[in-house]
Structures are given as structure tokens and as C-alpha cells.
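Report on the following structure.
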Amino acid sequence: MASANDIRKGQVIKFHGEPCLVMDMQHRTPGNLRAFVQVKMRNLRHGKQLDQRFSSTESVDILMTERKNLEFSYEDRSSYAFIDPETYDQIELAEDKIGDLKNYLATGCKVEMLFVDEQPLSIDLPTSVTLKVTESADGLKGDTASNVQKPATLETGMVVQVPLFIKEGELIKVSTASGSYEGRA
């Protein structure tokens with residue numbers, strides 16, 4: 001057990017029996033009141049974001065974490081398989097822990113997986129991923145009045161808006177933060 005003053009951004013703490021990732025924290029001492037620590041955290045089991053105020057003297061349980069660089073291998077019905085490129089160990093993560101990030105996972109995609117007590121809990125993607133365009137309408141000659149875009153379906157099933165010059169089969173970079181087209185790969 002550690003003091004609430006020891007909480008840092010990026011740590012995983014146990015809150016109501018659930019592991020929570022600390023996204024932001026501020027130590028505050030208002031006027032003539034007691035000091036407290038304001039923590040913004042995300043429950044790693046359910047994905048819900050929480051705001052919690054801890055007294056500076058309160059004890060919290062900081063969990064031991066490990067991060068590993070893995071590669072996405074394949075998708076099974078309700079889980080996703082990742083391979084450790086160093087040991088070739090296969091690690092599976094349930095679909096509910098991946099959520100909308102599945103739209104960015106193509107075979108060979110490099111991810112960082114968070115382990116708490118040797119249990120895989122979540123993944124972090126790079127800032128952009130390279131995906132193949134599987135379906136896209138052809139741009140018409142003369143459709144260049146301004147920055148005109150068209151929908152394109154990617155190999156993961158995600159649909160993004162791309163410029164008219166992008167054709168089927170091309171590799172493009174997609175931002176994992178916004179889900180938007182960044183450029184050709």
C-alpha cells in the first residue's frame with residue numbers, strides 16, 4: 001500500500017477491487033482545507049472513465065504492471081491473438097477488451113500490451129497504422145473543385161474518407177486517434 005501522494009500518471013491502481021489506469025492526476029491544496037489528490041482514471045476491465053478524489057493521507061494499492069511489444073496475428077470468434085516476436089508465445093485478448101481498436105488491427109500490426117499481475121488487460125496502438133484499401137469508388141475526371149473526398153473500405157472493414165486519387169489495393173496510413181486518412185504508405 002502506498003500513499004495517494006505517490007500516484008503517478010500511467011500507473012495502475014486497484015480501485016474498488018478493479019484495476020484502473022491513471023490518466024491524469026493533480027495534487028491540490030485549496031485555501032484552508034486539507035490537501036487531496038484528484039485522479040482521472042480508466043477502469044481496465046470495463047473501459048469506463050472515472051474521476052476520484054483521494055485524501056493525501058489515504059492509502060492506495062499500486063499494481064505491478066508490465067508492457068510488452070507484440071504483433072497482431074489473427075482474430076478468432078471472440079478473441080484476438082497476438083505473438084511475442086522474441087519468444088513466439090501466443091497471447092489472446094478478449095474482444096470486449098479490444099473494443100473499437102479492432103478497426104486498426106491488421107495482421108502484423110505492432111501493439112503494446114499492458115499486463116497487470118501477468119494478465120493481459122489492454123493494448124495501445126501506434127499513432128498511425130498502414131492498412132490496405134479493399135473497396136473504393138473511382139474518382140471522376142473533373143471532380144477537383146476543392147478537397148473532394150470519397151469513402152473507402154479498408155481491410156479491417158473500417159470506412160474512411162480518402163482523396164479521389166486513392167484506388168483499390170493501395171496502402172494508406174490511418175490515424176488511430178481520429179480514424180482519419182493521413183497519407184499514402
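Please arrange ARG77, ARG42, ARG34, ARG67 by counting, for each residue, the other beta carbons lying within 10 Å of its beta carbon, fewest first.
Going from sparsest to densest Cβ surroundings: ARG77, ARG34, ARG67, ARG42.
What percent does the relative contact order of segment 2-63 come to when contacts are Cα pairs within less than 8 Å and at least six residues apart?
With pairs under 8 Å counted, the relative contact order is 39 percent.
Taking H placed 1.01 Å from N in the peptide plane, check which residues at least 5 places from PHE15 or on another chain put their amide H under 5 Å from its amide H.
Long-range HN contacts for PHE15: CYS20.
So which residue, out of SER79, SER122, SER56, gets the largest mean-square fluctuation from a GNM of the chain using Cα contacts under 10 Å as springs?
With Cα springs under 10 Å in the chain, the top fluctuation among SER79, SER122, SER56 is at SER56.
Considering amide H positions built from the backbone, and no H for Pro or chain starts, which residues 5 or more places from SER180, or on another chain, come under 5 Å of its amide H?
So SER180 has HN proximity to SER175.
Across the chain, how many lysine pairs, 8 or more positions apart or on different chains, have C-alpha atoms separated by under 19 Å? Please give the number.
Final tally of qualifying lysine pairs is 25.
From zero outward in steps of 5 Å, how is the percent of C-alpha pairs of segment 12-93 spread across the bins?
All Cα pairs considered, the percentages come to 3, 12, 17, 15, 14, 14, 8, 6, 5, 3, 2, 0.
I need SER146, SER175 ordered by Cβ neighbour count within 10 Å, fewest first.
Taking fewest neighbouring Cβ atoms as first place, the list is SER146, SER175.
How many angstrom lie between the C-alpha centres of segment 44-92 and segment 103-138?
14 Å
Please list 3J(HN,Hα) in residue order for segment 64-77, calculated via the Karplus relation 6.51 cos²θ - 1.76 cosθ + 1.60 where θ = phi - 60°; whole Hz, with x for glycine and proline.
In residue order, the calculated couplings are 6, 10, 9, 10, 10, 8, 10, 10, 5, 9, 7, 10, 9, 2 Hz.
No lab work stands behind these numbers, since they all come straight from the coordinates. A quick note: this is a predicted structure, and the numbers were derived from the prediction, not measured. Because the Cβ atoms are built from the backbone with ideal geometry, glycine has one as well, and the counts that use them run over all protein chains shown.
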